[in-house]
1. Hey, does region 16-35 have a residue that's among the small types (Gly, Ala, Ser) and closer than 21 Å to VAL132 by Cα?
2. Quick test for you: out of GLU55, GLU42, pick the one residue that is acidic (Asp, Glu) and touching a Gly at 6+ places or on another chain (Cβ under 9 Å).
3. Go through region 92-124 and report how many residues are among the small types (Gly, Ala, Ser), modelled with pLDDT under 95 and outside any loop (DSSP other than H, G, I, E, B).
4. Looking at region 71-88, which of the residues that are hydrophobic (A, V, I, L, M, F, W, C) and surrounded by fewer than 12 Cβ atoms within 10 Å (Cβ to Cβ) is farthest from LEU136 (Cα to Cα)?
5. Just to check your reading of the model, which residue among ILE70, ILE58, ILE83, ILE64 is closer than 19 Å to ILE23 by Cβ and part of a strand (DSSP E or B)?
Amino acid sequence: MKSEKSAGIIVFRKERNEIFYLILHYDSGHWDFPKGHVEKDEDEIKAATRELEEETGIKEIKIIDGFREIISYYFKDKNNNLIHKYVMFFLAETSEKKVKLSFEHKGFIWLPFKNAHERVTYKNAEELLKKVDRFLMKK
């Protein structure tokens with residue numbers, strides 16, 4: 001079985017003492033966090049920050065130390081082969097509110113935890129967001 005490795009960033013910003021998370025609306029219809037393939041000669045953080053910039057235009061971020069989570073899942077590619085995908089997620093804060101979407105997405109939204117948790121499509125994204133929220137509440 002083939003496997004793929006991707007990296008992503010859960011990006012948040014603070015406004016009036018509230019945390020807002022960025023969620024992207026993918027062309028395929030689901031809502032999720034910015035992520036993409038780790039390219040040759042890239043480490044995971046470099047891939048995640050590159051993907052964030054390519055997908056959202058956000059450049060000014062501060063990676064939050066101590067948060068690193070892996071999710072994995074299976075999907076079938078266009079040739080009906082089963083692929084095991086691993087996605088390494090990091091956490092970053094930004095002051096940028098403006099988002100410039102790539103061709104891969106049809107929308108975005110900044111939401112507080114409760115609404116973001118309800119908006120993400122997949123269970124693993126919900127669990128990831130819970131971990132992020134607990135992590136940030138401890139800081």
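The values are calculated or read from the model by the stated rules, or taken from the named source; none is laboratory data. All figures in this text were calculated on a predicted structure; none of them were measured in a lab. Counting neighbours? That spans all protein chains shown, and the Cβs are built from the backbone with ideal geometry, glycine included.
1. Taking region 16-35 as the starting set, the residues that turn out to be among the small types (Gly, Ala, Ser) are 28-29.
Narrowing further to those that are closer than 21 Å to VAL132 by Cα: none.
The answer is no, given that none of the residues of region 16-35 is among the small types (Gly, Ala, Ser) and closer than 21 Å to VAL132 by Cα.
2. Details: GLU42 fails: touching a Gly at 6+ places or on another chain (Cβ under 9 Å).
GLU55 is the lone residue from the list that is acidic (Asp, Glu) and touching a Gly at 6+ places or on another chain (Cβ under 9 Å).
3. Within region 92-124, the first condition is being among the small types (Gly, Ala, Ser), and the residues that meet it are 92, 95, 102, 107, 116.
Remaining after also requiring modelled with pLDDT under 95: 102.
Cutting the leftovers down to outside any loop (DSSP other than H, G, I, E, B) gives us none.
Qualifying residue count for the region: 0.
4. Looking only at region 71-88, we keep the residues that are hydrophobic (A, V, I, L, M, F, W, C), and these are 71, 75, 82-83, 87-88.
Next cut, surrounded by fewer than 12 Cβ atoms within 10 Å (Cβ to Cβ) only: 75, 82.
Numbers: PHE75: 31, LEU82: 35 Å.
Only one residue fits best here, namely LEU82.
5. Working: ILE70 fails: closer than 19 Å to ILE23 by Cβ; ILE58 fails: part of a strand (DSSP E or B); ILE83 fails: closer than 19 Å to ILE23 by Cβ.
Answer to the selection: ILE64.
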